[in-house]
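Notes to accompany the following structure.
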Amino acid sequence: VLLPTPEDCGRVVADAVAGSVLAALARGGPVVLGLATGSSPLLAYRELLRRHAEEGLDLTGVQAFLLDEYVGLPAGHPESYREVIRRELTDALGLDPAVVHGPDGAAPDPLRAAREYEAQLRAAGSVAVQVLGIGANGHLGFNEPGSSLASRTRLKTLTEQTRQDNARFFGDDVAAVPRHVITQGLGTILDADHLVLVATGEHKADAVAAAVEGPVTASCPGSVLQLHPHVTVVVDEAAGSRL
Ligand code: GLP
């Protein structure tokens with residue numbers, strides 16, 4: 001879906017998310033919503049919050065699972081992804097923090113925390129819809145270029161580029177950005193029933209073109225989306241300008 005503005009993208013992503021989640025809730029049983037952090041989904045989250053406040057959108061009964069988390073930030077650190085998603089979305093949506101899950105980046109044994117998160121996700125049932133952003137280098141979650149297309153949740157080292165990109169959340173201090181993360185693998189992400197990728201801005205144009213029209217390759221983790229039967233890619237004109 002190619003739309004004029006980021007705001008249009010936010011509305012269409014909110015439609016896709018609410019549609020998939022409400023359909024899953026109507027079928028009964030546990031419903032898992034896959035959430036992403038980063039700036040790309042923020043307008044969609046704002047739109048979901050508006051619908052919650054003004055139109056009675058009710059996501060009670062949903063379990064939310066994050067894609068990834070920094071390793072080494074103390075629990076409750078304002079930039080830990082679990083805190084970010086609570087602040088940006090789930091608290092105001094009325095979801096209990098107990099149903100908002102993320103990898104435990106503060107665990108003493110992160111390798112084990114990664115395995116446990118994968119197991120927790122599998123036990124929760126299939127992800128009805130997974131929201132995704134994409135890094136300028138094509139990363140999904142924190143699966144940097146070179147990640148196996150079949151990878152599962154695991155400990156990863158961030159590239160220097162990603163640490164620099166994310167320094168803005170740490171007072172522009174690259175040294176404060178954690179070096180390691182726990183991320184769902186590309187294989188884990190592909191297990192979701194519906195993937196919704198949102199990208200806006202010129203700086204995402206190359207990554208979007210490579211992911212959507214390039215070869216399926218670990219050099220561009222986003223290209224793994226081509227292997228999934230139900231993907232919605234939502235871009236504004238700038239991010240879609242090289243398609
Ligand atoms: C971050 C996150 C990703 C996100 C990406 C793009 O590092 N781990 O999940 O999609 O980078 O971020 P943004 O949406 O802010 O451009």
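Below, the figures for the structure above:
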{"read-out": "Cα gyration tensor shape of the stretch 128-167, rounded if a/c is under 1.5, else prolate or oblate by comparing a/b with b/c", "value": "oblate"}
{"read-out": "DSSP-defined beta bridges in the stretch 156-243 - what % are antiparallel, rounded to 5", "value": "40"}
{"read-out": "Whole-Hz couplings from phi, Karplus 6.51/-1.76/1.60, listed for the stretch 42-49; x for Gly and Pro", "value": "4, 5, 5, 5, 4, 5, 5, 5"}
{"read-out": "Length-normalised contact order of the chain in % [C-alpha pairs under 8 Å, at least 6 apart]", "value": "24"}
{"read-out": "Beta bridges per DSSP with both ends in the chain, % antiparallel, nearest 5", "value": "30"}
{"read-out": "Within the stretch 2-228: Cβ-based charge dipole about Cα centre, in debye rounded to nearest 20 (Lys, Arg +1; Asp, Glu -1)", "value": "460"}
{"read-out": "Cα shape, the stretch 36-153, gyration tensor, a/c 1.5 rule", "value": "prolate"}
{"read-out": "Check: the stretch 76-152 dipole with +1 on Lys, Arg Cβ and -1 on Asp, Glu Cβ, in debye", "value": "220"}
{"read-out": "Shape of the chain, Cα gyration tensor, a/c cut at 1.5", "value": "rounded"}
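Computed from the coordinates by the stated procedures, all read-outs in this text should not be read as laboratory data. All values reported here derive from a predicted model rather than from experimental measurement. In this analysis, Cβ positions are derived from the backbone assuming ideal geometry, glycine residues included, and neighbour counts consider all displayed protein chains.
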